[in-house]
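Read-outs: derived from the displayed coordinates by stated rules, not from any lab. The shown structure was predicted, so the numbers you read here are calculated from the model rather than taken from an experiment. In this analysis, Cβ positions are derived from the backbone assuming ideal geometry, glycine residues included, and neighbour counts consider all displayed protein chains.
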Amino acid sequence: MKGGAMPLFALARVADASAALRVYIEGDGYAWANRNQPSADPTPRQPIALELALLDRHPNLLYLARPCQYLSPPAKGCKPALWTSHRFSPEVIDMMEEALTGYAQAHEVRKLELVGYSGGAALAVLLAARRSDVLSLRTVAGNLDSEGINRLHRVSPMPGSLNPLDVARALTGLPQLHFVGGQDVVVPAGIARAFLERVGQGCGRWVEVPAVGHQDGWVEAWPGLLGQEPVCGQR
C-alpha cells in the first residue's frame with residue numbers, strides 16, 4: 001500500500017462495501033535497540049494490533065503498519081527519525097492518511113472506524129482529528145499524550161512530532177472508547193483520563209481492564225472487549 005512515495009505494509013479484507021472499514025494501526029514496534037540507540041528495523045516483535053485484528057469478525061478490516069515496518073530490505077526514504085523522534089510527525093500522518101484514503105476509495109468504502117494500539121493510538125487520534133469520514137475511535141493502551149509519556153519516563157522530547165492531546169477538543173463529538181491496562185506501567189490510566197478531560201463532555205469514555213499490562217493480556221481480553229461499542233451519551 002502506498003503512503004505517499006513510501007510503501008506501507010497492510011493486510012485487508014472487504015466483504016461488504018456498505019459497512020464501515022475498521023482500521024487497526026500498529027504500535028511503535030521495535031523502535032529502539034536500547035535507551036540511546038534506534039533500531040535498524042522497527043518491525044514489531046510482538047505485533048499486538050495485528051493480533052487484535054485477526055480476532056475481529058467485522059466484515060471490512062484493514063491492518064496498517066507504521067512506516068518502514070515489515071519492509072525488508074528497507075524502502076527508500078526509511079530513516080530512524082520516522083520511528084523515533086518524528087514518529088507522530090506531519091510527514092508520517094500524511095503517509096498514513098494517503099494510504100487510508102487510497103484504500104477506501106479503491107474499495108468504495110465511505111466510513112472508517114479507527115483502532116490504535118499504543119503509539120498507533122496517537123496516530124489514530126491525529127488522523128481522526130483531520131478526517132470527516134471517521135465514525136468511531138477505539139484505543140488500546142493508547143499513547144494519548146506523547147509529551148506527558150516522555151516526561152513520565154524521562155526520555156527525550158519529540159519536537160518533530162505532534163501530540164494527540166493537542167487535538168483532543170476536535171474529537172468532542174466523536175464516539176470513542178479508550179481501553180487501559182490495570183497493570184500498564186508504560187501508559188498508565190491517568191493518560192486516558194487527562195485526554196478525556198481535554199475532550200470535554202461528549203462521547204468519550206475509558207475502561208480499565210484489570211490484570212492487563214502494556215502488551216500482556218490484550219489478545220486474550222479482546223474478543224470480550226469488542227462487544228463494547230463507542231457510543232455517545234456514556235462517560
Subject >> Test result for ASP145, surrounded by fewer than 17 Cβ atoms within 10 Å (Cβ to Cβ), touching a helix residue (DSSP H, G or I) at 6+ places or on another chain (Cβ under 8 Å) and closer than 28 Å to MET95 by Cβ >> reply: no
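If you take the residues of segment 72-90 that are touching a Cys at 6+ places or on another chain (Cβ under 7 Å) and in a loop (DSSP other than H, G, I, E, B), which of them is nearest to ASP145 (Cα to Cα)?
By that ranking, first place goes to CYS78.
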**OP:** Within segment 175-194, track down each residue that is surrounded by 20 or more Cβ atoms within 10 Å (Cβ to Cβ) and more than 16 Å from the chain's Cα centre (by Cα).
**Re:** ASP184
**OP:** Would you check which residues across segment 108-124 are farther than 17 Å from ASP56 by Cβ and not hydroxyl-bearing (Ser, Thr, Tyr) and list them?
**Re:** GLU108, ARG110, GLY119, ALA122, LEU123
Original post:
Conditions: (1) within 13 Å of the chain's Cα centre (by Cα); (2) of a type in the set (Lys, Arg); (3) surrounded by fewer than 21 Cβ atoms within 10 Å (Cβ to Cβ). ARG138 meets all but one. Number of the miss?
Top reply: (3)
Subject >> Selected residue (criterion: nearest to ALA49 (Cα to Cα)) from residues of segment 193-214 that are out of contact with any strand residue (DSSP E or B) (no Cβ under 9 Å at 6 or more places or on another chain) and not acidic (Asp, Glu) >> reply: ALA194
Original post:
If you go through segment 3-15 one residue at a time, do you hit one that is farther than 22 Å from VAL140 by Cβ and of a type in the set (Lys, Arg)?
Top reply: no
